[in-house]
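K.L.:
Take a look at the following structure, please.
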Amino acid sequence: MDPLTHMLSGAPVALAVEPARRRPGFVGRVPRVAAGAVAGVFPDVMHLARL
């Protein structure tokens, strides 16, 4: 359950930094949410790799 809560807290952080107006070359919403979710889970991945 802990990785799920980390993922759910990482995704909104990625949305919080979204600019009010889209800029050319700015990464879209879906890739940013995915990156935020992966970044939130990353500390847990390190614990699994240690096993």
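K.L.:
When only residues in the stretch 1-15 that are in a helix (DSSP H, G or I) and more than 11 Å from the chain's Cα centre (by Cα) count, which is farthest from Ala37 (Cα to Cα)? First the steps, then the outcome.
P.N.:
Filtering the stretch 1-15 for residues in a helix (DSSP H, G or I) gives 2-15.
Then drop every residue that is not more than 11 Å from the chain's Cα centre (by Cα), which leaves 2-5.
Values: Asp2: 13, Pro3: 10, Leu4: 9, Thr5: 10 Å.
It comes out as Asp2.
K.L.:
A follow-up question, please. Can you run down the residue pairs with Cβ atoms below 8 Å, 6 or more apart or on separate chains, where the first is in the stretch 1-13 and farther than 20 Å from Arg29 by Cα and the partner is open to solvent by 80 Å² or more (accessible area, probe 1.4 Å) and aromatic (Phe, Trp, Tyr)?
P.N.:
none
The values are calculated or read from the model by the stated rules, or taken from the named source; none is laboratory data. Source: prediction; values computed, not measured. Using ideal geometry, Cβ is built from the backbone for each residue, glycine included, and neighbour counts are taken over all protein chains shown. Just the protein is used for accessible areas: all its heavy atoms, side chains included, with ligands, DNA and RNA removed. Shrake-Rupley method; radii C 1.70, N 1.55, O 1.52, S 1.80 Å.
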